[in-house]
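Working notes for the structure below.
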Amino acid sequence: MSSRNAGSSTGTSTVITNIATLVTNDPSLGDTPSPLGLVRDAAVVIEGDRIAWTGESSKAPATDNRVDAGGRAVLPGFVDSHSHLLFAGDRTEEFNARMSGRAYSAGGIRTTVAATRAAGDGELEANLTRHLAEALRQGTTTFETKSGYGLTVPDESRALRIAAAHTDEVTYLGAHIVPPDHAEDPAAYVELVTGEMLEACAPHARWIDVFCEKGAFDGDQARAILTAGRAKGLHPRIHANQLSYGPGVQLAVELDAASADHCTHLTDADVDALAHSDTVATLLPGAEFSTRAQWPDARRLLDAGATVALSTDCNPGSSYTSSVPFCIALAVRDMGMTPDEAVWSATAGGAAALRRTDVGRLTPGARADLLVLDAPSHVHLAYRPGVPLVSQVWRRGVREV
C-alpha cells in the first residue's frame, strides 16, 4: 500500500483499485440500477484533490501511485449537515436522569449556555477539534456546525469565528433558545438576534438557523429571524417539528430553506410540502435514540418523494454522538430506510442539505473525499452496527486516517 500522502495536492495521481463495491452516487455510472451508482470490482483515480475517473478496475488508467483496497468497499465521505460543536462542558447528569425517566425538553440547553459563556476561546476550539477528529475517524469529511450556546453578541460571534477556521459550513443559531437574561422579554431577544447580534455574526457564517418549537421560538418569531438573516446574505435552515407539530416545516418551504431538520412530527401537508420543494428533510436519529422519543418516519417522506438527509446532530444534550455509521444503523433499524437509502442520505443527501454538488459523490470533478470500509459492501454499516468498519479516510485527495 502506498503512503498516506499519496495523491496529495501536488498534482500527482493515485488509483485505488481492487474495490469490491464502489458507491459513486451517480446512477449513470453503476453496473445495476441504483441511486448509489454501484460499481463492482472497481477503481477510482484521484488527481490532486479531485476525482478524475471511476470504473471497472481492469480499465483503470495508469497513475503515479497505486493503492490496493483489498476487496473492500469504498464510499463518498459522509456529509454531516447538522451539528452543534461549539460548546463547553457536558450534560451527563441530565442524560442519566432522563434515562431514569425524565422527559427531554429544550430547557436543558441553558446548562450548556452557562458553561460555554464561562469557557475561553482555547477551550472551545480544543473541544471542536477533538470532536472533528473523532468524526473524521468515522468517515465524516464534510461537516456543518452551529453557534447557539453563547446567546450574547460576543459569545455568538466568537463561536462562529472559531468554527469558520475549520469549515465553510458555519451556521448562526443565535435563536437556539431565549436565554435566561431575556426570559421576561423574548421580543427584545428577537430584536437582538435580528439586529446587533446578526451584524456581528453574519461575516463569519453561511447559514442562519432557528429552533422553531414550543419553549423556543414560534412561527412568527422564526420568520422574522430567518428573513433578517436572508437580508444579510445568510441562507435559511431550521430546526422544525422535533418535539411537536408546528409551523417549522411549512416555514422552511416558504423561505426556500436548504433543510428542515428533525421532521419528527409531520402532517400530510408537511410531507407534501417537502416533497414538492427543494428543502431537504434532515433526519437526526441520534436525538431520538438519546431522548427515547418517537422516531421520524423516513419511509413516509421517501415514498412521497422528499429528499432525505441523515446527520448526527452532535451536541452535548440530546445527541452526543459524532458517528454517522451509528445513525445509518438507527435509520435502517428504526426509521424504515433501506441500507442503500440510508447511505445515500448520509452522503449525497447531506450534500443536498448544504446545497453542495462537489461532495457526497465519487464522480469526475468531485472532491476526492472518500472512505474505505473493512467490509465488501456498504450494507455492512447497518448489518454490523457499532463495529468500527472505517479503515481509511481520504479528504481532498490525501489519506488522513
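The values are calculated or read from the model by the stated rules, or taken from the named source; none is laboratory data. Since the model is a prediction, treat every value here as computed from it, not as a measurement. Please note: Cβ atoms are built from the backbone with ideal geometry, for glycine as well, and neighbour counts cover all protein chains shown. Each accessible area value is taken on the protein alone, full model and side chains, heavy atoms only, with ligands, DNA and RNA left out. Shrake-Rupley method; radii C 1.70, N 1.55, O 1.52, S 1.80 Å.
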Peptides ranked, highest mean first, by Cβ atoms within 10 Å: ranges 56-65, 207-216: 207-216, 56-65
Helix axis angle, 109-118 relative to the chain longest principal axis, alpha carbon, degrees: 90
Debye, to nearest 20: dipole size of the range 35-189, +1 on Lys, Arg Cβ, -1 on Asp, Glu Cβ: 420
Rough spin-label spacing in nm, given labels placed 7 Å along Cα→Cβ, for Thr152 and Thr12: 5.0
Using alpha carbons only: equivalent-ellipsoid semi-axes of the range 277-401, gyration tensor based, whole Å: 23, 18, 14
Leading residue at positive end of dipole, the chain (Cβ point charges), from Leu151, Asn315, Val253: Asn315
Average accessible area per residue (Å²) across the chain - probe 1.4 Å, nucleic acids and ligands excluded: 37
Rounded to 10°, Cα long-axis angle of helix 324-334 versus longest principal axis of the chain: 80
Whether the range 187-259 is rounded, prolate or oblate, judged on the alpha carbon gyration tensor where a/c under 1.5 counts as rounded: oblate
Shape category assigned to the chain from the gyration tensor of Cα positions, a/c cut at 1.5: prolate
Electrostatic dipole magnitude of the range 226-328 [Cβ: Lys, Arg +1; Asp, Glu -1; Cα centre; debye, to 20]: 320
Three-way shape call for the range 298-354 based on the alpha-carbon gyration tensor, with the a/c threshold at 1.5: prolate
Cα centre as origin, Lys/Arg/Asp/Glu Cβ charges: the chain dipole, Debye: 980
Spin-label model distance (nm) - Glu93 vs Ser244, 7 Å beyond Cα toward Cβ: 2.8
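Give me the percent of accessible area attributable to carbon and sulfur for the range 82-240, probe 1.4 angstrom.
Of all accessible area on the range 82-240, carbon and sulfur atoms account for 51 percent.
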Distant-in-sequence amide H partners of His235 (H built 1.01 Å from N, under 5 Å): Trp207, Ile208
Segment Arg230-Ser391, extension gain: residue separation times 0.36 nm, minus the distance between their alpha carbons: 53.9 nm
Derived scalar couplings ³J(HN,Hα) [the range 390-401; Karplus, 6.51 cos²θ - 1.76 cosθ + 1.60; whole Hz; x for Gly, Pro]: 6, 9, 9, 9, 10, 9, 6, x, 10, 6, 10, 10
Order by protection proxy (mean Cβ within 10 Å, highest first), peptides 85-92, 300-307, 149-156: 149-156, 85-92, 300-307
Helical contribution to [θ] at 222 nm, DSSP H n ≥ 4, -39,500 (n - 2.57), averaged over the chain, rounded to 500: -9500 deg cm²/dmol
Rounded FRET efficiency, nearest 0.05, which uses the C-beta distance separating Asp220 from Glu199 and R0 of 25 Å: 0.70
Those lysines that a straight Cα-Cα span of less than 23 Å connects to Lys214, excepting residues fewer than 8 apart in one chain: Lys146
